[in-house]
Amino acid sequence: MKELEPKMDCQPDQIATYLDNELSGAALEDFEAHMKTCGSCRAELRMQQQLLCTLDAAFRSGVELPTEFTRIVKARAESDVRGMREKTERRRALQVTALLAAASFALLGTAWQGSILKPVQSIARVARSLFDLAWQTIYDAATGITVILRLSSQAIIFNPHRIGLLFLFAFLIAVSLLPLLIAKYHRAQTIE
């Protein structure tokens, strides 16, 4: 049964081209070599050949057209169109057309939902997840900074020896000197 599964190099459009005798040269040789190894393509070729044989047999039986067939069809078409000139007939034709359009849109809607709407919903779901992640990260960072600032300020303000102010001053000096130290480090790395 694995032999009938399509392979990665299968090209179903080549089967119709082969049946129409439009393949030549290397393309024909490649296709025939592929047919020897691919059961799925052989089954598809067999099915299309059977369809062509059935159609040939149906058309060979011969459908006898009446003499002056085109003149009769043209006359009937003209007489049917004459009725369209009346206002009620045009309104009726418009209603039927609108009904057929609505039915076709309804039938195509299910296919449209699968091919267009689902990917859009998927992209929207990913975007929402990324937004939620960013929002949660910002919220957690703000909460963490608030807790750290609250604890630090309580330690500095309510410390009886005011040693917290000294630590705060040292911390601010260290943070302000950090970019200078990083720049010197990078300059030293580029010289070496």
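Neighbours of Ala98, meaning other residues whose beta-carbon lies under 14 angstrom from its beta-carbon, give a summed charge of +3 when Lys and Arg score +1 and Asp and Glu score -1. Model label points for Ala141 and Arg42, set 7 angstrom from Cα along the Cα-to-Cβ axis, are 6.3 nm apart. Extension gain, Ser24-Ala106: 0.36 nm per intervening residue step, less the Cα-Cα distance, totals 25.1 nm. Fully extending the segment from Tyr185 to Leu99, taken as 0.36 nm per residue of separation minus the present Cα-Cα distance, adds 23.4 nm. As a rough guide to protection, the peptides 14-25, 37-48, 165-176 ranked by mean Cβ packing within 10 Å, highest first, stand as 37-48, 14-25, 165-176.
Relative to the present Cα-Cα distance, how much length would full extension add between Arg76 and His161 at 0.36 nm per residue of separation?
19.6 nm
Every number here is computed from the coordinates shown, using simple stated rules; none is lab data. This structure is a prediction, so every number in the text was calculated from the model and none was measured. Cβ coordinates were reconstructed from backbone atoms using ideal geometry, including for glycine residues, and neighbour counts include every protein chain displayed.
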